[in-house]
Amino acid sequence: MLTPEEAKLELFLAWLQANGSELRGCQIKYCGSDKGFGIFSSNSPPDGVFVVVPLDLAITPMRVLQDPLIGAECRAMFDEGDVDDRFLIILFLLVERLRVNSPWKPYLDVLPSTFGSPLWFTDEEFMELKGTSLHRAVELQRKQLLTLYDGKVKSLVKNLLSLEGETERDISFEDFLWANSIFWTRALNIPLPRSYVFPNLDGSSSNDVFGGVVHMEDQKKSSGHVVDIIVSEVAPIAIADETIWVEGLVPGIDFCNHDLEAVATWEIDRSGSMTRVPFSMYILSAEQGEFQEEKEIRISYGNKGNEELLYLYGFVIDLNPDDYLMVHYPAEAIQNIPFSEAKLQFLEAQKAELRCLLPRSLLKQGLFPRPALTDEGCSARELESVSNFSWSGQRRIPSYRDALVFPEKFLTALRTLAMQEEQISRVTHFLEELVGSREEQKLSDTEVRSAVWEVCGDSGALQLLVDLLQTKAMNLEDGTGTEKSDAELLGKVSISGSPVEISSGSWEIDATVEPSAIGRNRWSAIVYRHSQKQLTRLFLKEAEYALQLSLREGN
């Protein structure tokens, strides 16, 4: 007897086939409640193509605007600017999930109903993120989504459902949260031919793109092709070489899970030369030779740190090489510092940035373990560059210059924010002299940065950076403990319902202690915050040592 998951999968596979999709040398399998469905190899197809899905089956904004039920209403709202591209897809997913007779039901039924992202955490699980950037971001996101649901979504969905006579259908915030999560966890940026995206003015399409999805009960009467085509910010549409990038969901393709070392990629076949299915998306093996049977076919979601992975997709990677630390100076705090108006003008003139991302990989080229460079170690080109950067030529070339891991645009902002009254006057004097020595009145951002560095050097900026990192370290430890306590905790736990997935390379594991089981959400939160504490400590060490060097060298 089929399990509920197997029964849903069987209907979905029939729906995929009825709509022109093909599984070649692979199968979709259920991997458990934590992971959902995945794609696994059954043999090695000769051309390396595992899955082919016609782009007619993709859920994109064009699909929504051409939908026979809600398309006209959505078009009117879109033309008025009431909805954007992504919101259109979220709205479509929500309406189709609530419709009794939705032609998308076989697909929607196999999609996850809950997620591992912090929006879905319990209050207890969410407290594990206290002090992290993600904690505040998710608080704000949830408030924004609630406001959007109460102010717009609830009434819109009721109106759209009434078009089919479903006036009594219950709508909840959780339904909206589900549709929002489906979009953000599964949408791809799809490169489509311009002629495919925009039908001809007479309503037809050069590719017969806009039609209707095949209902299961109608599949015997169909030729087998589905026809036709999720949202916060307007999704940018970039046109280059007649290619338009459009966000959307591609059923079947979106069952590929993520791996740092992906064994496959997705590609677009416009002509059908690769797949024999024109205008299709396909999964292509990235491995040479025979593909191991029963191996999961995974793609890469990109080089993302655990903060982004947890926020968008609801999972983390132990020892993630792409982890990063976000450091920022709060813009709202500038109004409360001395000479804020002058400093804001300098910040704008220099195109300075009030925040920066510090990837873990930067630590490989920092001051530890690499020794600080000396003046003699600089090449002639470096000497010339730094000499030109100094207006008077008197400021010494920093010995640590090429080993400093912090972005110059962020240090530029910190130099400006740390300026004293006398330094502001000197910078202004420098710039007035420069303007007076030439005909044009406009100063470049590089010239303003040069004047600020000439007067201020690095020590004020580095001291402010040390203060920011120390504050970040204290906030991370407040309520959740130290980096060491997180490491000890992770060394004593396993994930409930799953094999132990921790690595001895990330923290010490006490073999004498029987692991206690915790939920996956809590485990993910602890892994993420442990890495944030570790990165904060390491970058603070870099900043403190650079500050020592700058003070010693008069910079």
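Scanning segment 428-487 for residues that are under 31 Å from the mean Cα position of the chain (by Cα) and assigned to a loop (DSSP other than H, G, I, E, B) turns up ASP478, GLY479, THR480, GLY481, THR482. For segment 254-285, the set of residues classified as more than 17 Å from ASN189 (Cβ to Cβ), in contact with a Pro (Cβ under 7 Å, 6 or more places away or on another chain) and open to solvent by 70 Å² or more (accessible area, probe 1.4 Å) consists of SER271 only. Which residues, counting only those in segment 418-474, are open to solvent by less than 50 Å² (accessible area, probe 1.4 Å), within 28 Å of LEU134 (Cβ to Cβ) and among the β-branched types (Val, Ile, Thr)? Correct list: VAL466 only.
Within segment 252-267, take every residue that is part of a loop (DSSP other than H, G, I, E, B) and not aliphatic (A, V, I, L, M) and give me the one that is nearest to PRO106 (Cα to Cα).
First, pick out the residues of segment 252-267 that are part of a loop (DSSP other than H, G, I, E, B): 252, 256-257, 259-263.
Of the ones still in play, those that are also not aliphatic (A, V, I, L, M) are 252, 256-257, 259, 261.
Details: GLY252: 12, CYS256: 18, ASN257: 20, ASP259: 27, GLU261: 31 Å.
The selected residue is GLY252.
Take LEU347 and tell me if it is modelled with pLDDT of 60 or more and crowded, with 17+ Cβ neighbours inside 10 Å.
Numbers: modelled with pLDDT of 60 or more: yes; crowded, with 17+ Cβ neighbours inside 10 Å: yes.
Judged against the criteria, LEU347 is a match.
Against the definition (in contact with a Ser or Thr (Cβ under 8 Å, 6 or more places away or on another chain) and either modelled with pLDDT of 95 or more or surrounded by fewer than 18 Cβ atoms within 10 Å (Cβ to Cβ) (or both)), how does ASN336 come out, yes or no? So ASN336 does not fit the description; no. Against the definition (at pLDDT below 95, within 27 Å of the chain's Cα centre (by Cα) and closer than 27 Å to SER33 by Cβ), how does SER498 come out, yes or no? In short, yes.
When residues in segment 164-183 are screened for being surrounded by 14 or more Cβ atoms within 10 Å (Cβ to Cβ) and modelled with pLDDT under 95, 4 of them pass.
One line per residue, one yes/no per condition, for (1) under 30 Å from MET474 (Cβ atoms); (2) surrounded by 19 or more Cβ atoms within 10 Å (Cβ to Cβ); (3) in contact with a Lys or Arg (Cβ under 6 Å, 6 or more places away or on another chain):
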position	(1), (2), (3)
ALA72	no, no, no
PHE78	no, no, no
VAL83	no, yes, no
LEU94	no, yes, no
VAL100	no, no, no
LEU111	no, yes, no
THR122	yes, no, no
PHE126	yes, yes, no
THR132	yes, yes, yes
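Conditions (1) open to solvent by less than 40 Å² (accessible area, probe 1.4 Å); (2) under 22 Å from LEU469 (Cβ atoms), marked per residue:
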residue: GLU287; (1), (2): no, no
residue: ASN303; (1), (2): no, no
residue: LEU312; (1), (2): yes, no
residue: PHE315; (1), (2): no, no
residue: ASP323; (1), (2): yes, yes
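Residues of segment 186-210 that are open to solvent by less than 30 Å² (accessible area, probe 1.4 Å) and either modelled with pLDDT under 75 or assigned to a helix (DSSP H, G or I) (or both): TYR196, VAL197, SER205, VAL209.
The values are calculated or read from the model by the stated rules, or taken from the named source; none is laboratory data. Since the model is a prediction, treat every value here as computed from it, not as a measurement. Positions of Cβ are generated from backbone atoms using ideal geometry, with glycine treated the same way; all protein chains shown enter the neighbour counts. For the accessible areas, the whole protein counts, side chains as well, though only heavy atoms, and no ligand, DNA or RNA atoms are used. Shrake-Rupley method; radii C 1.70, N 1.55, O 1.52, S 1.80 Å.
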